[in-house]
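Below you'll find the structure, written out as structure tokens, and then a few comments.
Rule-based calculations on the coordinates, nothing more; no lab input. Keep in mind that this is a model prediction, so the values were computed, not measured. Virtual Cβ from ideal backbone geometry, glycine too; neighbours counted across all protein chains shown.
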Amino acid sequence: MHVKTTASSRVGKVDRKNNTFHRMESGLEADLVTILLARHDTEWIKAQDGPHRYTVEGKAKEHIIDVGSMATFGSYTLFAVKPEGDSAEETRAEMKLLNNQLPKDSPDRFVLVTDQDITKARVNLARNILHTRDVLNDSDTARVLAALLELGGCARIWQLAEALPDLYLSAVSTAVWDLFDKGIIVHAHPEPEAVLVSRASWIRVIVKE
């Protein structure tokens with residue numbers, strides 16, 4: 001009988017920018033890494049950073065950070081990842097103590113993120129952006145943007161596919177993810193981070209190339 005160990009339940013993620021493999025402790029941590037890798041200001045990430053020590057009422061304590069992220073402009077963000085609940089509230093207090101012990105001029109910071117921050121919609125967007133970077137076609141992206149502008153700068157994704165009948169829907173979708181990645185469009189929804197992008201979703205131009 002196979003017994004599932006802690007090591008076997010970990011989730012692997014690859015940073016393609018530097019071909020580094022990271023083993024995360026949970027799916028929630030892996031989803032955070034996906035979001036971070038899709039950001040243009042992420043230089044590199046690190047799994048399991050620490051221990052970082054702090055003092056409470058004269059007693060020394062320590063915390064292992066789940067994910068560290070170095071930004072291109074030089075600041076290092078140390079993320080603790082927890083499901084929302086009592087444990088998250090305890091960790092939030094720890095992050096505050098750790099931040100209080102940083103030098104005043106430090107650009108670094110300790111941050112708690114929960115499943116309320118790492119939403120399915122944000123992860124789905126990041127995952128598609130990362131995939132698109134490997135398969136995008138600049139010509140298709142330009143045509144989809146032109147079609148979107150012709151439709152007034154706001155349309156459903158399926159309307160773009162109808163406007164470009166010679167392109168496969170998959171090619172239109174790839175172009176849409178590329179436009180998201182370039183910061184040219186947004187998901188036109190009152191709560192975009194709570195709703196998955198689909199063929200029926202409205203997208204809107206915010207930057208005209």
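For region 36-49, what are the residues that are within 20 Å of T114 (Cα to Cα) and either part of a strand (DSSP E or B) or of a type in the set (G, A, S) (or both)?
A38, T42, I45, K46, A47, Q48, D49
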Residue within region 194-204 that is closer than 30 Å to H52 by Cβ and of a type in the set (F, W, Y) present: no
Number of the condition not met by D66 [criteria: (1) touching a helix residue (DSSP H, G or I) at 6+ places or on another chain (Cβ under 8 Å); (2) under 19 Å from A126 (Cα atoms); (3) in a strand (DSSP E or B)]: (2)
